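Take a look at the structure below.
Computed from the coordinates by the stated procedures, all read-outs in this text should not be read as laboratory data. It should be emphasised that the depicted structure is a prediction, and the values quoted were computed from it without experimental measurement. Positions of Cβ are backbone-derived with ideal geometry, glycine not excepted, and every protein chain shown enters the neighbour counts.
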Amino acid sequence: MKRSVVRLTNHDLPDHDRSRLLRCELTPAREESRTLETPPPNVLVKGFGDSSVDIEMRIWIRDPKNGVSNIKSAVLLRVWDKFHQQGIEIPYPQRDVHLIPPIDFDLTPEGPNA
């Protein structure tokens, strides 16, 4: 039997309980019918992003010839559902822009360009 590892890159949410997040990520991988039990699905920390912990979930499948992208999508959709069920929100990135030197804007309708 030919088997293959599937890597799903994700960003962990540092403001949430890590063990609950890992359960939300690993449970759907284990529930997927194409996932092998041995070796079991695993999550590895790959680095630190601007406002996240970069992780990679690895799952082994028995039938890579039947597609890899479709199983990635199926597992990630299940993870998303688990997050929703657990009240875990995926934050949208926010950025503060500082203008140096400060620029004085006149936003009134009678401003210099009116």
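Below, the figures for the structure above:
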item: Correct option for P(r) over Cα pairs in 10 Å bins from 0, in percent [calculated from the coordinates] among [x] 12, 35, 22, 10, 9, 8, 3, 0; [y] 15, 48, 35, 3; [z] 11, 27, 23, 13, 11, 11, 5, 0; result: [x]
item: Simple Cβ-charge dipole of the chain, Lys/Arg +1 and Asp/Glu -1, about Cα centre, in debye nearest 20; result: 1240 debye
item: Residues with amide H under 5 Å from that of GLU32, placed H, sequence gap 5 or more; result: none
item: Per-pair calculated FRET efficiency, R0 = 30 Å: ARG3 and ASP50 via Cβ, rounded to 0.05; result: 0.25
item: Whichever aspartates and glutamates have a C-alpha closer than 18 Å to that of LYS72, once near sequence neighbours (fewer than 8 apart) are set aside; result: ASP12, GLU25, GLU31, GLU32, GLU37, ASP54, GLU56, ASP63, ASP81
item: Tilt relative to the chain, helix 69-85 - C-alpha long axis, 0 to 90 degrees, to 10; result: 70 degrees
item: Sequence of THR27, THR108 once ranked by neighbouring C-beta atoms within 10 Å, starting from the fewest; result: THR108, THR27
